[in-house]
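Here the structure comes first, spelled out in structure tokens, and everything after it is commentary.
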């Protein structure tokens, strides 16, 4: 397979795990040293562990991912071991057990790096509001 198709497959698996709220599988898609920049957070999260702690806080408040779909995926291959994946993403979430479902319209950039074992892992994720929501 090519870098492009490998990264697309890794991104699709990540989106599928996220959309199914399969937390362990989702976080396994990130390198331990990954960084995260989210529009709903005041600053940069500097590790996967920091993001996992934040995720558990959200879950304790009733957060749950109900579905996620990727639109207009694109891969920019940098070299044999690095690539940038971008897409528009639509995520259905519940904020608390008694809250109504809401859909978030966002754009996402993920930088992938091939690990020594050959697995494509995200080393940086940047999430922003999509001004062109459907």
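Only the coordinates and a few stated rules stand behind these numbers; no lab work does. Worth saying up front: this structure is predicted, and the values here are computed from it rather than measured. All Cβ positions, glycine included, derive from the backbone under ideal geometry; neighbour counts span all protein chains shown.
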| Under the rule of -39500 (n - 2.57) per DSSP H run of 4 or more residues, summed and divided by the residues of the chain, what mean residue ellipticity at 222 nm is obtained, to the nearest 500 deg cm²/dmol? | -8000 deg cm²/dmol
| said: Need the C-alpha centroid separation for the stretch 35-107 versus the stretch 120-134, integer Å. | reply: 7 Å
| request: For the stretch 3-129, build the convex hull from the C-alpha positions and give me its volume per residue in Å³. | output: 97 Å³
| task | With a 10 Å radius around each residue's Cβ, average the other Cβ atoms per peptide and rank 1-8, 106-113, highest first. | result | 106-113, 1-8
| query | Quick one: length gained pulling residue 105 to residue 41 fully straight, 0.36 nm per residue minus the C-alpha distance? | reply | 21.4 nm
| request: Multiply the residue gap between residue 5 and residue 79 by 0.36 nm, knock off their C-alpha separation, and tell me the result in nm, one decimal place. | output: 25.3 nm
| task | Give the span of the stretch 35-102's Cα atoms along each principal axis, as three whole-Å numbers ordered largest to smallest. | result | 46, 27, 18
| query | Between residue 67 and residue 32, what FRET efficiency comes out of the Förster formula 1/(1 + (r/R0)^6) with R0 = 25 Å and r the beta carbon distance, rounded to 0.05? | reply | 0.35
